[in-house]
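Enquirer: Before we start, here is the structure in question, set down as structure tokens.
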Amino acid sequence: MKQDRGQRGDELTLRELEVLRLMPGCGARRTAWLLGVSIRTVENHRHRIFRKMGTWDRTSTVIRGADLGLILLGPVKDSAGGRRFELTSQQLDIIQLSAGYQVKQIARMLEVSTNRVKVQRNSILVGFNVHSMTEAIVVAIRSGQLDLQDVMLVVRESIGARGI
């Protein structure tokens with residue numbers, strides 16, 4: 001049962017929770033700077049978090065953390081006069097599948113070329129003005145264009161496929 005407890009996130013230390021809560025918007029370098037530790041220390045914390053939560057990367061960990069209520073991904077208010085980037089239906093499919101799958105797997109699932117997936121992912125990053133798909137997924141959830149539960153289903157499905 002220890003694995004079940006860890007996958008609920010209740011075995012995380014306070015420092016691991018701090019690192020987890022910074023994952024949606026901060027890379028390892030920024031997290032290290034904010035916490036006053038080395039990048040290697042942040043990477044060590046992340047790997048322990050992955051192991052404890054039964055995840056394999058930053059994106060799946062953020063989604064699992066949000067599903068468990070450890071990270072808040074609630075909607076944000078639009079800035080006054082700010083333009084909102086709207087995802088196309090193909091971009092919605094790609095961003096959702098990016099929570100659990102690699103580019104080649106997404107291309108096979110959507111029956112498009114890997115180049116098409118890469119171009120669309122880049123358009124998403126530019127449109128949301130972010131630097132990673134993890135950040136893009138968080139922005140899409142916060143803007144109401146992507147549903148956390150739908151993304152969580154993708155993560156659970158990909159975990160099952162990986163045998164984690």
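Enquirer: So for segment 89-162, averaging the separation of alpha carbon pairs under 8 Å that are six or more residues apart and normalising by length, what relative contact order in percent results?
Expert: About 39 percent, as a whole number.
Enquirer: Of the peptides 30-37, 15-22, how do they stack up when ordered by the mean number of other Cβ atoms within 10 Å, highest first?
Expert: For the peptides 30-37, 15-22, the packing ranking is 15-22, 30-37.
Enquirer: In debye, nearest 20, what is the charge dipole magnitude of segment 89-162 about its Cα centre with +1 on Lys and Arg Cβ and -1 on Asp and Glu Cβ, if you could check?
Expert: The dipole of segment 89-162 has a size of about 260 debye.
Enquirer: Right, next: With r defined as the distance between the Cβ atoms of T114 and T13 and R0 fixed at 41 Å, what FRET efficiency is calculated, to the nearest 0.05?
Expert: Between T114 and T13 the formula returns 0.60.
Enquirer: Label points 7 Å out from Cα along the Cβ direction at S123 and L153: separation in nm?
Expert: 2.4
Enquirer: Once you sort the root eigenvalues of the Cα gyration tensor of segment 89-162 as a ≥ b ≥ c, which label holds: rounded (a/c under 1.5), prolate (a/b larger than b/c) or oblate (the other case)?
Expert: Judged from the Cα gyration tensor, segment 89-162 comes out oblate (a/c at least 1.5, b/c at or above a/b).
Enquirer: Measuring from label point to label point, each 7 Å out along Cα→Cβ, what is the R51 to W33 span in nm?
Expert: 2.9
Enquirer: Okay, next question. Give the order of K118, K52, K104 when sorted by the count of other beta carbons within 10 angstrom, beginning with the fewest.
Expert: K104, K118, K52
Laboratory data are not the source of any read-out in this text; all were calculated from the coordinates shown. Just so we're clear, the structure is a prediction, and the values are computed from it rather than from any experiment. Methodologically, a virtual Cβ is constructed for each residue, glycine included, from the backbone with ideal geometry; neighbour enumeration extends over all protein chains shown.
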